[in-house]
Amino acid sequence: MNIQGHAALVTGGGSGLGEATARELARLGAKVAVLDVNLDNARRVAGEINGIACHCDITNTDSLQAAMDEAAAAHGPARILMNIAGIGSAKRVVGKDGSAAPLEDFAKVVTVNLIGTYNASRLFAAACAKLDPLEDGERGVMVFTASVAAFDGQVGQQAYSASKGGLVGMTLPMARDLAQHGIRVCTIAPGLFSTPLMRTLPEPVQASLAASIPFPPRLGKPEEFAALAAHIVTNTHLNGEVIRLDGALRMAPR
């Protein structure tokens, strides 16, 4: 798919990997809707890329549908969905005081990262399936954002790894399911990236994490994630695939 002129939705587009992806799609000529639970961040990014900002909680169907409707009214029906919104968590199953981890913490991470992504994907796919086909019969493309934690999660990452592993497991069956409609599905599993969350860590900790990456021995740049996300859109034969973007990193237990 040629990105130029098509409408794109980017969840979590107000910061980090989502912001970089929104900027890259806009640079390549897409009409970008920045969907984020933080409307101020969404407005900042959208204002700088001539896009539209939409408040959106991906776990709430009414909120999500309203954001998609607002974007469609401004840009027309979307053919590109970047599922980047997500949260992190680290909590041992049994705490230092011997108590079990709260079930609510686990459920919240899975609800946002896995169920929220599915929620956005199903609504996007239903709308996209009604569009006229493009070259190769393609109607749309969506990208999930997993993590290397889906494969080698660390101590305390049970909820995060389970949620991201769910996205990995959902990729191929979703691609097979939507093939009849000409909608492609791929997943990026990033490693350690220089995001606002990462930059809250002390510099020595960031340097240590960067040194653990075989090559290049540095944190990933959000622009590198964005470049891969854009390539997935333009390469029509990429479908049902999970791509690690991690500099050959394999996470240690802790």
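Since every read-out is calculated from the coordinates, none of them should be taken as a lab result. Predicted model, so just to flag it, every value in this text is computed and none were measured. Cβ placement follows ideal geometry from the backbone for every residue including glycine, while neighbour counts extend to all protein chains displayed.
The fewest-to-most ranking of 136, 177 by surrounding Cβ atoms within 10 Å reads 136, 177. Within a straight-line Cα-Cα reach of under 18 Å, residue 91 can be paired with the following aspartates and glutamates, leaving aside sequence neighbours fewer than 8 residues apart in one chain: 104, 105, 152.
Rank these for me by crowding, 218, 184, going from fewest to most other beta carbons within 10 Å. Don't skip to the end; give the middle numbers.
Details: 218 15, 184 25.
Taking fewest neighbouring Cβ atoms as first place, the list is 218, 184.
DSSP assigns beta bridges within the chain; of those with both partners inside it, close to 5 percent run antiparallel.
Please state the shape class of the stretch 118-187: rounded when a/c is under 1.5, otherwise prolate if a/b exceeds b/c and oblate if not, all from the C-alpha gyration tensor. Could the numbers behind the result be given before it?
On the way: a/c = 3.60, a/b = 2.74, b/c = 1.31.
Prolate, since a/c reaches 1.5 and a/b exceeds b/c.
Among 237, 75, 55, the largest mean-square fluctuation in a Gaussian network model of the chain (Cα springs under 10 Å) belongs to 237.
Where does each of 45, 205 land when they are ranked from fewest to most other beta-carbon atoms within 10 angstrom? Please list the in-between numbers first.
Values: 45 23, 205 11.
Ranked by crowding around the Cβ, least crowded first: 205, 45.
Its residue count N fixes a reference of 2.2 N^0.38 Å for the stretch 150-207, and the Cα radius of gyration divided by that reference is 1.52. Of 212, 194, 99, the residue with the greatest mean-square motion in the GNM of the chain, using alpha carbon springs below 10 Å, is 99.
Of all lysines in the structure, the ones whose alpha carbon falls short of 24 Å from that of residue 130, not counting any fewer than 8 places away in one chain, are 31. Farthest towards the positive end of the charge dipole of the chain, among the residues 76, 45, 170, is the Cα of 170, using unit charges on the Cβ of Lys, Arg, Asp and Glu.
Counted over the stretch 1-149, the DSSP beta bridges are approximately 5% antiparallel. Between the helical axis of 222-234 and the longest alpha-carbon principal axis of the chain there is an angle of about 40 degrees. The equivalent ellipsoid of the chain has semi-axes of 29, 19, 18 Å, largest first, where each one is the square root of 5 times an eigenvalue of the Cα gyration tensor.
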